[in-house]
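The values are calculated or read from the model by the stated rules, or taken from the named source; none is laboratory data. All figures in this text were calculated on a predicted structure; none of them were measured in a lab. Cβ atoms come from the backbone with ideal geometry, glycine included; neighbour counts cover every protein chain shown.
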Amino acid sequence: MAQQGISDEPASSTTEDLMKQVQQGDMYAYQELVRRFQKKAYRVICSYIHNTEDAMEVLQDTFLKVYTARHTWDHRLSFAGWLYRIAINASIDRYRRSDRGRTSSLEDVMETQVHQSMTTRPADDPLGQMHGRERRRLLEEAVRRLPPRQRVVVSLRFFGDMRLEEIASELECPLGTVKSNLHKAIMGLKGMLLERKEALNYE
Amino acid sequence: MSKCETIREMLVLHAEEALGPDQRQLVEEHLAGCAACSREAAQIGTVRSWLTDPELFEPEQNLAWQCLPEKLAARAQSLPKTRRSWAGLSLPQWAYVTLAFLPIVVGLIWTLRFQTPAPPAAAPALVATGNEAFLNRMHTAYARGATAQYLSGCHDLLLNLISAEKTCTNDRYDVSLEVTRARQLLQEKRMLEADLRVPDVARAKSLCDELETFLVNLSMSQECETGDAVRGMERFIESKQLLLRIDLMQPGIVD
């Protein structure tokens, strides 16, 4: 039942349709957009920001910015790409404004893990031996250490679920550049994880 | 480059299913007979699968995902409707915008005082058209001012970056001010997005976007950068002819 600026919204509407309704002030459509993208956007933001509370604030700022700038979204462009661009810019702003000392480095993580590994030695098998939380924490820090261009590509590809062609369009660069950055990023992550594996006394 | 090296260059894209049929076949045939490359492919597959782990970057505590959409909708509706904060503009921007509007205001006063009144029957339509044209002119003038301001800021920043000095330890260049300025310009660029759709300044969009990409990278730099990093940025500025293009673009925007 349609109400003041609010309409019933079928869950099957495309993102772009929802955004057009948000442009007309439909707050149900806005809530549905938030629901669909909140976790993806949160993960994109977390590839830039370590602190959970800061990341949550940036997430909220991002969606508020989506609302206040809704009329500037061009319906010919991907909503996801536009959203992630806002999220990444907000994350960079927050990162630069925050005290960098609060962000734990990969070395800090490694130090903790090396200490733990002195008491518990895992079984064989290189990368596969990193399990659960430990592996995730190392990978998260490794992602944050990627050069900016590679990090954007990894972030949009894996956390934003965007296709390589969409990423190229969003970053306004050739598809080949995106592929090249993705290749370097994955190889870089693999290298960093293997280094950690050795530091942690994995065989 | 050996066969294995060539194949390894394609393994990530193979895992992404982004290779053409010929290249895919080449990779698969090679992997079938090369244990070392197969191991490499397996490790790449492992890293990719970890990246798709839904728990990666998940917060440790249980965030209220269910409530967030409703909470944000309430906050969004309570936001003030003003598009720009004029109080946030610095004096030079004010001066610039005032100068840009001055001819329009003078023209409007002249029109109101000296123009022959229109016949009564046609008056409503003329008034509506006149108001719309006036608003368009105001928006265009503002967009011109804001775009010129952004380009000018980028121009100064690029010049400063090129003349950065080695005042840090280990022969590093101090680019701390440039990094801070890049961050401010990124914020300005976000405010500029709507203005860049105004026809009179739309041709500056591509240049502004290229500058934004550069600013994003610069804003992520260290405050003390190596000579290689600074020279890399200089080469980028030179190869894209950013300074020249700003110089060529600005007169057309200001006029």
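Whether any residue in segment B:199-218 is outside any helix (DSSP H, G or I), aliphatic (A, V, I, L, M) and buried (at least 19 other Cβ atoms within 10 Å of the Cβ) is what I want to check.
The answer is no; no qualifying residue exists.
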So how many residues does segment A:34-89 have that are at the interface with chain B (Cβ under 9 Å from one of its Cβ atoms) and of a type in the set (A, V, I, L, M)? 11
Can we say B:Pro103 is over 40 Å from the mean Cα position of the chain (by Cα), more than 30 Å from B:Gly232 (Cβ to Cβ) and either modelled with pLDDT of 70 or more or of a type outside the set (Ser, Thr, Tyr) (or both)? no
Among the candidates B:Leu242, B:Leu185, B:Leu248, which residue alone is within 29 Å of A:Ser169 (Cβ to Cβ) and surrounded by 20 or more Cβ atoms within 10 Å (Cβ to Cβ)? B:Leu185
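What helices (runs of 4 or more DSSP H), lying completely within segment B:18-79, carry at least 3 residues that are among the acidic types (Asp, Glu) and over 30 Å from A:Gly132 (Cβ atoms)? Steps first, answer last, please.
Working: elements: B:21-33, B:35-51, B:68-78.
Hits in segment B:18-79: B:21-33.
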Out of everything in segment B:185-196 that is in a helix (DSSP H, G or I) and without any contact (Cβ under 8 Å) to a residue 24 or more places away in the chain, what residue ends up being nearest to B:His139 (Cα to Cα)? B:Arg190
Can you name every residue in segment B:225-239 that is out of contact with any helix residue (DSSP H, G or I) (no Cβ under 7 Å at 6 or more places or on another chain), surrounded by 19 or more Cβ atoms within 10 Å (Cβ to Cβ) and not charged (D, E, K, R)? B:Val230
Near pairs, Cβ below 8 angstrom, 6+ apart or cross-chain, from segment A:161-174 (polar (S, T, N, Q)) to any residue that is at pLDDT below 90 and buried (at least 16 other Cβ atoms within 10 Å of the Cβ): A:Ser169/A:Ser78
Of the residues that sit in segment A:130-187 and are surrounded by fewer than 20 Cβ atoms within 10 Å (Cβ to Cβ) and part of a loop (DSSP other than H, G, I, E, B), which one is farthest from the other protein chains (Cβ to nearest Cβ)? A:Pro174
Number of the exception - B:Glu193 against (1) among the charged types (D, E, K, R); (2) within 10 Å of another protein chain (Cβ to nearest Cβ); (3) touching a Cys at 6+ places or on another chain (Cβ under 7 Å): (3)
Got at least one residue in segment B:145-166 being surrounded by fewer than 22 Cβ atoms within 10 Å (Cβ to Cβ), under 20 Å from A:Arg85 (Cα atoms) and in contact (Cβ under 8 Å) with a residue 24 or more places away in the chain? no
In segment A:62-97, which residues are over 12 Å from the mean Cα position of the chain (by Cα) and among the basic types (Lys, Arg)? A:Lys65, A:Arg70, A:Arg76, A:Arg94, A:Arg96, A:Arg97
